[in-house]
Structures are given as structure tokens and as C-alpha cells.
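What follows draws every value from the coordinates through simple rules; no lab data is involved. All figures in this text were calculated on a predicted structure; none of them were measured in a lab. Every residue, glycine among them, receives a Cβ derived from its backbone with ideal geometry; neighbour counts consider all protein chains shown.
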Ligand SMILES: [Zn+2]
């Protein structure tokens, strides 16, 4: 991966290049923007740019061939610390910051970043899924964010500024990332072989809100069909919420038995309903105030349900309550 093949985010790239050239690069950054648009790739490229041994950081052109570049690409360079939410967890764990109970303060990101850099340059940490840092995790990280070791760079990757605790937000320089243009998304989807037909890729890109993750979903035909079925059921009055809840539950179960993928699928299906309400609302603005009011209640109920998904042990009850509520709006 190199800067030339990164799609979009030109403004952010120029901004970092200037900061490095003027030697005023800050230490702690919060990357904010929708998921699957290239924030993590950007962070890794930046790390590679700062550590490449054959080109100067200010050139902003890591060679891609030196040992450091190769290790960075493989994610094995000792000066690059990466943490992300583990697949079976709903949040980053405090152990990832300060070590497990047995190794408190002798392991984890906050410990590793204080070690002498192997490259004699700097340590760089990338914290993925920063939306899920809880209060405990944030507290363990504060001191490191406040007094980062000299030269170190810490990048937190998040999808929304609102999801960050004020204590974290105030200690980081916020860098906003925009969704990809539909042209860039088409190129990326073809490159990642999510689809082979160029025209179809262009069509899907228009609806995917600049996100590769959303593109992947829309490229899945069975899911698109289910979305259509949901829309039909949501439109029909009186809405049969028992049938609707069963259909949603069935689709959630179809992704397997693990709870995390099921939660993700449920959030997506709630999103489908929310999109439906949003469409109904925008088609009726200025025409039918009562209907607009009702759909607005539907949207609010969907937002609320999504907030609850991660906290639920068994989603069946949540699905039923949500379905019953949106049927009665
Ligand atoms: Zn290099």
C-alpha cells in the first residue's frame, strides 16, 4: 500500500505532510469518520511514512521496500503498536491498555509505548474501535495521552465524535475524514473484488454512503431482497409486528451462532428500517405533516434500539419490543 493508491482523503494527507515538513506534528490524534472509508489504512501509511528508513518523513513517500516498510505492511514492526476490539468482545478491554491483572503496568499499549524505540525514532500506536473505549479504559489511557513519550504518535480511530468521552476528546487533535466519493468507492470495490461488473458497481456505489462496508452489504443479493421484504412489511398497515419480528430474528440467526456477528447484523437490519422511515419522511415533507411526525418517531425508535443492541444478552426481546413500537407509531 502506498499514498498513491489510497483513494480520497487528499486534504488530510496534505495537512499531515505540512505538519511533518514544518515539524509541528502533534502526538495524539483522533481520526473521526464513517467506518470502512480508509481511516485505518491512512493511519498505517502515516506510520510507515514516519518510520521508513530510506526516505525522509517530510518526503511523504515511504519506499515500500526497506525492512521497516515490509514489517509495517505485515504489521510486525516492533515500533508499531496496534490494538483493536477482540472479535468476541463488545469493547476494547482495559488489559489491552495496561496489561492483565497479573501483569498490570508491565504489558499493554501504555507500557509498550514507553519502551525505547527499536528504530531509534519513535513508537506509534493505532487504537482501532476507539468508539468502544469505556470509562475504565479511558482512565487507564489518560496519562499516556496527556504525557505521550517524546516523539511518539498515538492515533485513535473512531466513527463519531459524540461517542468519545470528553476526557479523550479534549486530549487529542481531531482529524475528520469524509465518506468516499462514489467514483472512488467503485474503484475500491472493484479492487477488493467485491464485485466484477463495473456498471453494477457504479450503481451500488451511489447508495452506499461512501462506505466500503455498506457497499459489501448492498452487493449481497439475498440481503438486498430481505431489505425489500422489510420495506414491504413496514409499509403495510396494520403492520404485523409478530411476523416482522420473526423475520428479523430469522435473518439475524442466519449469520451463525456467535453473538458479535449477530449483533452487527441486527444493527444493520434496524438501519434498513431507519432508512425506510427516512425515505418516507423525505418524500412527504411539506405534504403530510402527520406522516412526517410518525416517521420521525420511527427513526428515533430505531436509533434507540441500535444503542441497546450492544448491551443485550439475548436480542430476541429487543427485536420484539422494537417491532411492536414501530408498528404502533
Ligand atoms: Zn521504507
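Numerical summary
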quantity: For the chain: relative contact order, % (alpha-carbon pairs under 8 angstrom, 6 or more apart); calculated: 16 percent
quantity: The range 1-89: C-alpha gyration tensor shape, a/c 1.5 cut-off, then a/b vs b/c; calculated: oblate
quantity: Equivalent ellipsoid semi-axes - Cα gyration tensor, the chain, angstrom; calculated: 40, 24, 18
quantity: In degrees, nearest ten, helix 10-21 long axis to first principal axis of the chain (Cα); calculated: 20 degrees
quantity: The range 3-176 - Kirkwood radius from inverse mean 1/r over Cα pairs (Å); calculated: 16.4 Å
quantity: Ordering of 44-50, 177-183 by burial proxy (mean other Cβ atoms within 10 Å per residue, highest first); calculated: 44-50, 177-183
quantity: Spatial separation of Cα centroids for the range 118-193 and the range 1-15, in angstrom; calculated: 17 Å
quantity: Helix-only [θ]222 nm of the chain, DSSP H runs n ≥ 4, -39500 (n - 2.57) each, per residue, nearest 500; calculated: -16000 deg cm²/dmol
quantity: Considering only the chain, percent of DSSP beta bridges that pair antiparallel, nearest 5; calculated: 0 percent
quantity: Rounded Å value of the spacing that divides the Cα centres of the range 262-329 and the range 212-259; calculated: 13 Å
quantity: Shape of the range 166-240, Cα gyration tensor, a/c cut at 1.5; calculated: oblate
quantity: The range 151-291 - Debye-derived log10 I(q)/I(0), Cα point model, q = 0.15, 0.20, 0.21 Å⁻¹; calculated: -1.01, -1.24, -1.26
quantity: Over the range 221-327 - Rg/Rh using Cα atoms and the Kirkwood inverse-distance radius; calculated: 0.97
quantity: Helix 221-235 vs. the chain, principal-axis angle (Cα, 0 to 90°, nearest 10); calculated: 50 degrees
quantity: With Cα atoms, 0 to 90° folded angle of helix 182-191 axis to the chain main axis; calculated: 70 degrees
